[in-house]
Each structure stands twice: as structure tokens, then as C-alpha cells.
Amino acid sequence: METQNANPTILSISDLPSRLQQKKTAPSALLTGLTPAYVRDPFATGTESASDDESEDDSVVDRIDEQEIYDLIATISDPEHPLTLGELAVINLPHIQITDEPSALTSRVLVELTPTVNHCSLATVIGLGVRVRLEQALPPRFRLDVRIREGTHSTGDQVNKQLNDKERVASALENETLMGVVRKMLETCK
Amino acid sequence: MKLQKITSLPPHPDRIWSIAVHPTLPLIATASSDRTSRISSLLTYRALSTIDGGHKRSIRSVAWKPAIKGESVLATGSFDATAGIWRRFEDDLGSSTGGEYADDEEEEWRFAVVLDGHENEVKCVAWSAGGNFLATCSRDKTVWVWEEMEEDNFETIAVLQDHTQDVKCVTWHPEEELLASSSYDDTVRLYREDVDDWVCCALLEGHTSTVWCIDFEKPGSPHYVESRSSRLASCSDDLSIRIWTRVSRSGDASTVKAVPSILRGAPVEEEWVHEATLPKVHTRAVYSVSWSARSGRIVSCGGDGKVAVYEEVAGESEPGPESEPCESESEPCESEQAKPRSEWKVVAELEGAHDVFEVNGVAWSKRWDKGRKSDGEEIIASCGDDGVVSMWELVD
């Protein structure tokens, strides 16, 4: 496959914002809770227990903030470089936003991606990887919007529409070839 | 008014995409990501049987074949690119006990036919009012019309390629052989048969994002106007629900005869206009909309987890020369007909209908259970990402 961007700008890992380091000895409630898959986890091997669901649910747990979302997805590998989305600055902390819906029943997570080149044909796959990672890790009360940051991609609108079409995403998750790629991207997630 | 839960059916282990209420029997069917469809009783709200083994991927849509006796026929549409036809004999008791099986044995559903042809995911299946046509649509951008030539022998009579993207939903007019489809290309299209060919006879533009679902107004419901004969509701990712009205049609056998024409007939064409937009309730994509045959109300649901019910009321008539203000709220004024100035209002809105989960489908049903107070009573069924079907009544 032809490489989309042979010489991407790379950030040093030590410069990336992260809470993972401090938490190594005392993992947060959220991180330990990552194992039970919440919704439609295509990788789920075990069965989810109802009690887990309850203890993890909503307000009981510390509020999930932007940094935690960042830590969940910045470690995803790029499909064509041996680097993470954080290192390539595809995922950036200031481009993650959490807003509570007025009803407070649900919260919205908006993640804006910055592709390394503006014609990157892998943008959809990267976006799908981010979605899968967050759907696995976050409780079902989160509504995800994964978008390409405005002006950073030549077909951004099309990519956005696909990435946020529930039916297309669900269907993609049933596509073994595509999921093989996504699974590989997620191998580096902590 | 408010929506009060009657009960919930035992959950599927995975998302329920849609539900279908049987046209005459107290039965409801689900379409689930767990690759099964479950049939439950609307008398007892117990699961009766599960249809599985026919599809390799998620079942996205189910539809009961109307206008048949002695048998139930269900069509399923799946992400595995096929549609399935399933049959089950209803014994004579079927109608009197309303589909409740005599013993606990699951009655056998027979996987009768696989309909192949679509290139990829089938998104929706729908039977025509007479039951002789089945429409299917797919991410492959096409709408197929199948005709059942004899039992279990389906022939493709049309492949409609008018949409430029993924086709999300198909539905038939409740009386005419008029088919509607909605798409990821933000439009709704209507099709009719023209001599030998099915052709697109109208294009409804206005939504600014994917149109997820469409439903026709049912004849005989309140506010239904014979002369107008057709209205359609559409709901979209743009968060709106629109009402469209047919204002004219041509090329129809009945209307063409009167008009001398140079060629063999006027082109099959219909003109539809955007008549109203329902009050905005949803804050995320509106996935499903259903128009009641009994009350004329509309129910909608979406990614925000809400279920909302809307009612059409004779609006405050514009200060006009003639009409007295309409006294009765429940009956449409005759004088309004010429200048329909009705207004839609929200009569019930429920947050978190499926807890924190998204709600994928809603449907009206006649009420059959023991709690029924009157004959015309209706209930709402909803399904969600939690794998649950819930039944709702509207109470004051």
C-alpha cells in the first residue's frame, strides 16, 4: 500500500498530556472498569455481569473528563506508521469536549481528529478505531461524536457523515477485514 | 398527557433495530443485532418463538405480510445482504386466542425463501398493502420490488437506482401501489408502476441529512382528507420531522383516460409539497416515526433516548372573513379543508424511555392486553439499544 504521509510530524511521548503515569500504581475506577465491555463490544470474550454494569454506571463513578478520554484514545496506533495517534497529533487534548445533555441522563463526547495529511484515505478507519475504543470503554450513557476537524480534510463532511451513522458503524463492526485493522490499531492501548 | 409504561418484554442480548406489529393478530416481531427475530404476544406480553439460523449477520428489519389467513408470513432483512421469508401456520384457534399458542411448545417457523440480489446490507423490508409486492432496500443504493408469483416463488420486477446513496427505509402507501424510500442522500423518493416499468414519480427534498424513516398517513384516521388522499411523515438525522402532502398526480390510469395525449399517456408524476414541520423535540438523530391509524397521532424516537407523541389540532384559524372558530377540538372542521391550517403540537414527551440507551424504533398497536378499557384503545411499542421492547400507554 502506498504510504499516505511518508514524513509525518512526530511529537515526543514525554510531551504528551497524560494522566496514565501518575495512575500506574493506583488505577482509577474507570480504568479498572475497562474490562467489562459495555455496548456491542466486538472483542468481548466473556459475558458482562449485571452488577458490574450498575457499579460502573453514571454518577457513582468520578466524573469522566477530557484527559481520561484522551488517555483512552491517544494510545491507539496509526494504521500506517508505528506511532500512536497522540504522537502524530491526530488526537489532541484541546479537541476533546464533554458536555452534559440538559436531561443529565446522557453526556456527549466530541472528539475532533486532525489527519496528518488532508487527503488521508485512512481517516475513516482511524475514526472508526476511536469510536470502537470509546464504545468499549465508556458507559452507555455517553453519546459519541467523532469528527474530522474542520478544514483538515478534503472530504471531511463525507467522512463525518459515515462515522456518525449508527447503522454504518454497526455494520462496519461486523466486517471482519475492517475489524482486523481496527483490532491491530487498538493493540497498543493501555 | 404522559407516556406510562405498561411493561417491557424479556430483553434480547443485543440491540433491537426495529419492531413490527402484526396487522391483525396480537403479535409483535423484533429485528435484532443478535441475528434473531423474536415473536411475542401482545395479549400476554410473553415471548412466543424465536426465529434464528437464517441470517449470518444482524437482522435490521422485519415486516408482517398483510391480507393473508391461516398463516403468518414474516419478511426479515439483514446486514448479510439477504432478505428472508418465514412462514408459520396459524391454527384455527389463532384468531380467537389471538396468536397465543395452545401449549408451551414453540411453533415451528419455516425459513421458506432467501431473497438474494443486493450487493450488501439490506436495511429495510416492506410489504405492499395487498401483500403481493415486497420492497427491499440496501446500502448498495438500490430499492428492489419483488412479486410473489406463486407461493415461495419471488421474482424481481424492478431494481430502482434513483438514490445516490445508502437507502435506509422503504414503505408502501396503505392503499395504493405507491412505494416510498428514504436515504442517506437526504431525500425521499416515490415510485409507481408505469405500463411495464416501475419509475420514480416524485422526489422530496428538504431534509439536510440522512432521512432515517418514513411513514404514510392511514386512511380513515382523524384529519385524513379524502381528496388529498396522501401525506407522508419523514424523520432525519437533521433532528426534524417533516410532513409532506400530495397535491397532484398524473399518468394514472384513472386520470389519464380523460385527457387526450399525444403519446401513450402522461408521464407518471406526482407533486408533493412540504406541508409542516413537527415541533422540535429531539436533540440527536430521529430514527423512527410512526403514524397512527386510530388517532392520527405521530410518535417518534431517536438517539437522544426520547419518545415523543404529536397531535394535529385545528389551529387558530387566521383572522379570515368567513369561518367561526372551531368549537370542537377533537373533530376537524369541514371548513378547514379548503385551507388546512392545522397545527402540530407535542402531547407527550418522555426522556430516557430506554434508560440511558438510544431508542431505535417505535410503532403504534391496537391494545390487546387485559388492561384494555375500550375497543379503539392504542398503545406504543418502542425498542432500543438495550435489547428491550417496551409498551406504553398515553394517560392524562
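The values are calculated or read from the model by the stated rules, or taken from the named source; none is laboratory data. On a predicted model such as this, the values are computed, not experimentally measured, just so you know. Every residue, glycine as well, gets a Cβ built from its backbone with ideal geometry; the counts of neighbours run over all protein chains shown. Areas reflect the complete protein model, heavy atoms only, side chains present, ligands, DNA and RNA absent. Shrake-Rupley method; radii C 1.70, N 1.55, O 1.52, S 1.80 Å.
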Determine if the range B:112-120 includes at least one residue that is assigned to a strand (DSSP E or B) and crowded, with 24+ Cβ neighbours inside 10 Å.
no
Which one is nearest to the other protein chains (Cβ to nearest Cβ), of the residues in the range B:28-60 that are over 24 Å from B:Asp80 (Cα atoms), open to solvent by 10 Å² or more (accessible area, probe 1.4 Å) and not basic (Lys, Arg)?
B:Ala47
Of the residues A:Gln136, A:Gln97, which is more than 14 Å from chain B (Cβ to nearest Cβ) and modelled with pLDDT of 95 or more?
A:Gln97
Within the range A:134-186, the residues that are hydrophobic (A, V, I, L, M, F, W, C), in contact (Cβ under 8 Å) with a residue 40 or more places away in the chain and part of a helix (DSSP H, G or I) are A:Leu134, A:Ala137, A:Val169, A:Ala170, A:Ala172, A:Leu173, A:Leu178, A:Met179, A:Val181, A:Val182, A:Met185, A:Leu186
From the set of residues in the range B:205-229 that are in a loop (DSSP other than H, G, I, E, B) and within 14 Å of chain A (Cβ to nearest Cβ), which is surrounded by the most Cβ atoms within 10 Å (Cβ to Cβ)?
B:Thr210
Quick check, is B:Lys306 modelled with pLDDT of 95 or more, within 14 Å of chain A (Cβ to nearest Cβ) and open to solvent by 10 Å² or more (accessible area, probe 1.4 Å)?
yes
Going through (1) crowded, with 20+ Cβ neighbours inside 10 Å; (2) in a loop (DSSP other than H, G, I, E, B) one by one, B:Pro11 fails only at (1)
Take the range B:289-300 and flag every residue that is out of contact with any His (no Cβ under 8 Å at 6 or more places or on another chain) and open to solvent by less than 10 Å² (accessible area, probe 1.4 Å).
B:Val289, B:Trp291, B:Ser292, B:Ile298, B:Val299
Return only the number of the condition from (1) modelled with pLDDT under 95; (2) within 14 Å of chain A (Cβ to nearest Cβ) that B:Val356 does not satisfy.
(1)
Quickly run through the range B:14-31 and pick out the residues that are outside any strand (DSSP E or B) and not acidic (Asp, Glu).
B:Arg15, B:His22, B:Pro23, B:Thr24, B:Leu25, B:Pro26
Can you tell me which of (1) without any contact (Cβ under 8 Å) to a residue 60 or more places away in the chain; (2) open to solvent by 20 Å² or more (accessible area, probe 1.4 Å); (3) of a type outside the set (Ser, Thr, Tyr) is the one A:Val117 doesn't meet?
(1)
